[in-house]
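The values are calculated or read from the model by the stated rules, or taken from the named source; none is laboratory data. Treat the numbers as computed from the prediction; the structure is a model and nothing was measured. Please note: Cβ atoms are built from the backbone with ideal geometry, for glycine as well, and neighbour counts cover all protein chains shown. Side chains included, ligands, DNA and RNA excluded: accessible areas come from the protein's heavy atoms. Shrake-Rupley method; radii C 1.70, N 1.55, O 1.52, S 1.80 Å.
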Amino acid sequence: MSRLVVVSNRIATPPKGDPSRHSTGGLAVALQEALQAEGGIWFGWSGHTAEEPSLTPSVSTVGRITYAQIDLSPTDHEEYYNGYANATLWPLFHYRLDLAEFRRVTYAAYRRVNIQFARGLAPLLRDDDVVWIHDYHLIPLAGELRHLGFHGRIGFFLHTPFPVPEVLTALPNWGDIGRALCAHDLIGFQTPTDCEAFVRLVDHHLGGETLGNGQVRLDGRTVHAECFPIGLDLESMRERDDTSSAARLLEKSINGRALIIGVDRLDYSKGLPQRFEAFGALLDMAPDLLNKVVMMQIAPPSRTDVTDYQAIRAELERIAGHVNGAHSDLDWTPLRYLNRGFSRRVLADLFRIARVGLVTPLRDGMNLVAKEYVAAQSPDDPGVLVLSHFAGAAVELGGGAVLVNPHDIEGTADRLRGALTMGLDERKARWENMMAILRRNTITAWRKAFLAALG
Ligand code: ADQ
């Protein structure tokens, strides 16, 4: 069996203690399990900047896993990470052309940092290693490793959506990005739509050809593209005997009212302003729900150095103030908005209390919160998932979730109302439908399927 080498922008820190108490997701745990099984390397950015970063990674070994990390210069961090990755590719891949910045200086930094990653990693590689690269930060890395003489198998998994060519080609260097993807042997996408968009890009726009069965050929290389929807570690959401004190406090404070919960990174792709507006519209249209329902949105700030992320925060505070100003009562604040994170263990308890999980991204590669909400429910009295049909998760969960168009504020409010009043039999049937899929496609099944296809 070949050795596995995982590369991602950030690497997980070596695990300590009970994983369910960490805020890191199942992905880190699943990759660590894969690395531990056969022994392997996890390579990435340390999370630190240094004026003159060493080209040689710092290396530590825990069990059979070698963690290798490099620092970035402050300029590279700003231009590669905040710049090209998060202010160009992230908005573009989420269909937000209006927010995407196109700057040569950040593109140059993106290429430069990918070369730096390749130079740091190449000396650690053996010919028969299998390399698995994660996400949009590192699209050119495989090509750079090939230039440095690595000819082994390289796979890539894109966690975000892959935009249709009509959107991607707005990127000044779209051809380079498309060709860079073709340096991999296998590319994994979250949904069939993402996969088709890539195949169409290669076939119609890059002058390659489709060979069928997800294979495309460009410049003499054959690349396999396949859909691998990411799954969950169900265990981390399971009900435990000792309910967390945070959940007990919440239950007491809602005092028998129905709870709607939203949990997201504070990101414009998650549709939070529209979600707040939809809740406001629900209260406007349903006087019988006044003082009977509470919505709680948990949204810890992310990427706070990027201007668009500061703007969304201010906008949400404004809408929340408006909804609460219009509807609050002496003993009732309808919309609670918490700018902080919780451990997975606490999140699972909070999800279980909520009658509705409201997950309404404007675009999302998958959206694990949707799956986590479902996995956390009690089988005897499950809540309802209200899910945007723009989330990758809607492909698998569409049979059990109440699907909404998050741009349609009043339509979302209508469906929220339906979810709040749904009877137990229907809730159970929908939940069973979704759980069957989550049980089949766990995070472990996902990584095994990807590695089997790559190997
Ligand atoms: P994200 O955009 O980060 O991931 P998501 O899939 O929802 O989005 O994953 C977020 C994770 O962070 C979940 O496990 C969630 O529980 C956790 N989280 C969110 N808010 C939290 C909070 N307040 N406290 C604690 N934990 C919190 C990217 C893509 C997604 C894709 C994933 C995995 O954008 O589309 O599903 O990668 O492939």
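For the stretch 70-113, take N as its residue count and report Rg(C-alpha) divided by 2.2 N^0.38 Å.
1.11
Which values of log₁₀ I(q)/I(0), to two decimal places, follow from the Debye formula for the stretch 308-455 at q = 0.11, 0.16, 0.20 Å⁻¹ with a uniform point scatterer at every Cα?
Ignoring solvent entirely, the Cα scatterers give -0.50, -1.01, -1.41.
Between Ala183 and residues 5 or more places away or on another chain, which pairs have amide H atoms under 5 Å apart, with H built 1.01 Å from N, and which residues are they?
Here the answer is none, since no amide H 5 or more places off falls under 5 Å of that of Ala183.
Tell me the per residue accessible area of the chain using a 1.4 Å probe; a whole number in Å² is fine.
Spelled out: the 1.4 Å probe surface of the chain, per residue, equals 41 Å².
Calculate, axis by axis, the spread of Cα positions in the chain along the three principal axes, and write the results as whole Å, longest axis first.
If we take the Cα atoms of the chain, the spans are 68, 48, 45 Å.
May I have the convex hull volume per residue, in Å³, for the Cα set of the stretch 193-262?
Looking at the stretch 193-262, the number lands at 169 Å³ per residue.
Which percent of Cα pairs goes in each bin when the distances of the stretch 71-227 are cut into 5 angstrom slices starting at zero?
Pairs per bin, as whole percents: 2, 10, 19, 22, 21, 16, 8, 2, 0.
For the stretch 1-160, what class follows from the C-alpha gyration tensor (a ≥ b ≥ c being the square roots of its eigenvalues): rounded when a/c is under 1.5, otherwise prolate if a/b is larger than b/c, else oblate?
prolate
Expressed as a whole percentage, what fraction of the accessible surface of the chain belongs to carbon and sulfur atoms when a 1.4 Å probe is rolled over the protein heavy atoms?
About 49 percent, which is the carbon plus sulfur part of the accessible surface.
Suppose only helical runs count, i.e. DSSP H with n ≥ 4. What mean residue ellipticity at 222 nm does that imply for the chain under -39500 (n - 2.57) per run, divided by all residues and rounded to the nearest 500 deg cm²/dmol?
-11500 deg cm²/dmol
Rounded to whole Hz and in sequence order, give me ³J(HN,Hα) for the stretch 395-401 from the Karplus expression 6.51 cos²θ - 1.76 cosθ + 1.60, θ = phi - 60°, writing x for Gly and Pro.
Result, ordered by residue: 5, 7, 9, x, x, x, 7 Hz.
Which translational diffusion coefficient, to the nearest whole µm²/s, is obtained for the stretch 20-112 from the Stokes-Einstein equation, given a Kirkwood hydrodynamic radius over C-alpha pairs, 10 °C and 1.306 mPa s?
104
Once you sort the root eigenvalues of the Cα gyration tensor of the stretch 409-455 as a ≥ b ≥ c, which label holds: rounded (a/c under 1.5), prolate (a/b larger than b/c) or oblate (the other case)?
oblate
If you filter the stretch 296-344 for trypsin sites (Lys or Arg not before Pro), then keep DSSP loop positions with at most 13 other Cβ within 10 Å, what is left?
In loop regions of the stretch 296-344 (DSSP not H, G, I, E or B), the sparsely surrounded trypsin sites (Lys or Arg not before Pro) are Arg340.
Based on the alpha-carbon set only, what is the convex hull volume of the stretch 288-355 divided per residue, in Å³?
Looking at the stretch 288-355, the number lands at 104 Å³ per residue.
List every residue whose amide H lies under 5 Å from the amide H of Gly383, counting only residues 5 or more places away in sequence or on a different chain, with H placed 1.01 Å from N in the peptide plane.
Sorted by chain and number, the residues that satisfy this are Ser378.
Compute the Kirkwood hydrodynamic radius of the stretch 72-163, taking the inverse of the mean of 1/r over all pairs of distinct Cα atoms, and give it in Å to one decimal.
It works out to 13.9 Å.
Express in nm, to one decimal, how much length is gained between Ser58 and Asn324 on full extension, taking 0.36 nm for each residue of separation and deducting their alpha carbon distance.
The span from Ser58 to Asn324 would gain 90.7 nm if fully extended.
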